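**Q** Quick one: the structure is below, questions incoming.
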Amino acid sequence: MILVGLAGSIAAAWAIAAWGLDAYGRRPLPLGEHYDAIVVAGCRVMPDGRPSPALARRVRLAVRLFQEGRAPLLVCTGGKGIPVPPLSEAQAAARLAVSLGVPQTAVLEEGESRTTWENASFTAKLLEAERVCVVSDSCHIFRCRRMFGRFFPHVTGTGVRLVGRSRWRQAFREVGAVLRHGLAGRM
């Protein structure tokens, strides 16, 4: 009976944390705040080289922020996943951003990273900036802000809201990632 209660308590705490991470990432950016760059966190690319729906949502939000004048530069991150697609995540994201109206001269590609930690550390090697805004899925923003904050003085973030079961599946998985990376000292 005690084990059932303990398991229920852990499950409830996990669910509350997942909800909190998702809500945290959906907060709007402060009005009038500007950045040196908007960074798109990497995400899967389809086998034919198209951005996955999740990556496309991230890019669309980043392009909207760029077009609002929030930053003069858009940085697309992410290397090649497995199985190896024809384009890196950064290349696929950059192509989409340019097709949506961002000038090629305003887009940088960080195409080697495979993790959020590498997104942050490799972007820091590519870009000298004080203020960055990271765009990802809403439940991923807390971890992005903490990891990018290890490399940039001022980091904010905003997330795209997933829908349906994928939203909660991602949020529940993200709780484990936050715990794992927190214990590893990356946050």
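The values are calculated or read from the model by the stated rules, or taken from the named source; none is laboratory data. Here the structure is a predicted model, which is why all the values come from computation and not from measurement. With ideal geometry, Cβ positions are generated from the backbone for all residues, glycine too; neighbour counts draw on all protein chains shown. Calculation scope for accessible area: heavy atoms of the full protein, side chains included, ligands and nucleic acids excluded. Shrake-Rupley method; radii C 1.70, N 1.55, O 1.52, S 1.80 Å.
**Q** Restricting the search to the range 140-177, which residues are of a type in the set (Gly, Ala, Ser), surrounded by 21 or more Cβ atoms within 10 Å (Cβ to Cβ) and over 18 Å from residue 13 (Cβ atoms)?
**A** Of all residues in the range 140-177, those of a type in the set (Gly, Ala, Ser) come to 149, 157, 159, 164, 166, 171, 176-177.
Subsequent filtering for residues that are surrounded by 21 or more Cβ atoms within 10 Å (Cβ to Cβ) retains 157, 159, 171.
If the condition is that a residue be of a type in the set (Gly, Ala, Ser), surrounded by 21 or more Cβ atoms within 10 Å (Cβ to Cβ) and over 18 Å from residue 13 (Cβ atoms), then 157, 159 are the ones that fit.
**Q** Also, quick follow-up: Inside the range 135-175, can you point out the residues that are in a helix (DSSP H, G or I), touching a strand residue (DSSP E or B) at 6+ places or on another chain (Cβ under 6 Å) and closer than 14 Å to residue 186 by Cα?
**A** 144, 145, 148
**Q** Moving on. How about the range 114-123: which of its residues are among the hydrophobic types (A, V, I, L, M, F, W, C) and open to solvent by 30 Å² or more (accessible area, probe 1.4 Å)? Working first, answer last.
**A** Taking the range 114-123 and keeping what is among the hydrophobic types (A, V, I, L, M, F, W, C), we get 117, 120, 122.
Those that are among the hydrophobic types (A, V, I, L, M, F, W, C) and open to solvent by 30 Å² or more (accessible area, probe 1.4 Å): 117, 122.
**Q** Determine whether the range 118-128 contains at least one residue that is at pLDDT 95 or above, in contact with a Gly (Cβ under 6 Å, 6 or more places away or on another chain) and among the charged types (D, E, K, R).
**A** no
**Q** Considering each residue of the range 122-134, count those that are farther than 27 Å from residue 53 by Cβ and assigned to a helix (DSSP H, G or I), and give that number.
**A** Result for the range 122-134: 2.
**Q** Continuing with this model, one more query. I'd like the residue in the range 13-70 that is without any contact (Cβ under 8 Å) to a residue 12 or more places away in the chain and not in a helix (DSSP H, G or I) and, out of all such residues, is most open to solvent (accessible area, probe 1.4 Å).
**A** Looking at residues that are without any contact (Cβ under 8 Å) to a residue 12 or more places away in the chain and not in a helix (DSSP H, G or I), I get 31.
**Q** Further question: For the range 178-187: of the residues being touching a residue at least 60 places away in the same chain (Cβ under 8 Å) and in a helix (DSSP H, G or I), which is surrounded by the most Cβ atoms within 10 Å (Cβ to Cβ)? Lay out the reasoning, then the answer.
**A** To start, the set of residues in the range 178-187 that are touching a residue at least 60 places away in the same chain (Cβ under 8 Å) comprises 178, 181, 186.
So of that shortlist, the ones also in a helix (DSSP H, G or I) come out as 178, 181.
Details: 178: 19, 181: 17.
Checking each candidate, the answer is 178.
**Q** Quick one: count up the residues across the range 71-80 that are farther than 14 Å from residue 112 by Cα and in a loop (DSSP other than H, G, I, E, B).
**A** Initial filter on the range 71-80 (farther than 14 Å from residue 112 by Cα): 71-74.
Narrowing further to those that are in a loop (DSSP other than H, G, I, E, B): 71-73.
Going through the range 71-80 one residue at a time, the tally reaches 3.
**Q** Take the conditions under 11 Å from the mean Cα position of the chain (by Cα) and either modelled with pLDDT under 95 or over 12 Å from residue 41 (Cβ atoms) (or both) and apply them to residue 76. Does it pass? Lay out the reasoning, then the answer.
**A** Details: under 11 Å from the mean Cα position of the chain (by Cα): yes; either modelled with pLDDT under 95 or over 12 Å from residue 41 (Cβ atoms) (or both): no.
Spelling it out, it is not the case that residue 76 is under 11 Å from the mean Cα position of the chain (by Cα) and either modelled with pLDDT under 95 or over 12 Å from residue 41 (Cβ atoms) (or both).
**Q** With the requirement that a residue be part of a loop (DSSP other than H, G, I, E, B) and surrounded by fewer than 16 Cβ atoms within 10 Å (Cβ to Cβ), what does the range 92-113 give you? Before you say what the answer is, go through the steps one by one.
**A** At the first step, the residues of the range 92-113 found to be part of a loop (DSSP other than H, G, I, E, B) are 100-103, 111-113.
Correct list: 100, 101, 103.
**Q** Considering only the range 81-90, state which residues are modelled with pLDDT of 90 or more and either in a loop (DSSP other than H, G, I, E, B) or surrounded by fewer than 20 Cβ atoms within 10 Å (Cβ to Cβ) (or both).
**A** The first filter runs over the range 81-90 and keeps only residues modelled with pLDDT of 90 or more, leaving 87-90.
Within the range 81-90, 87, 88 meet the criteria.
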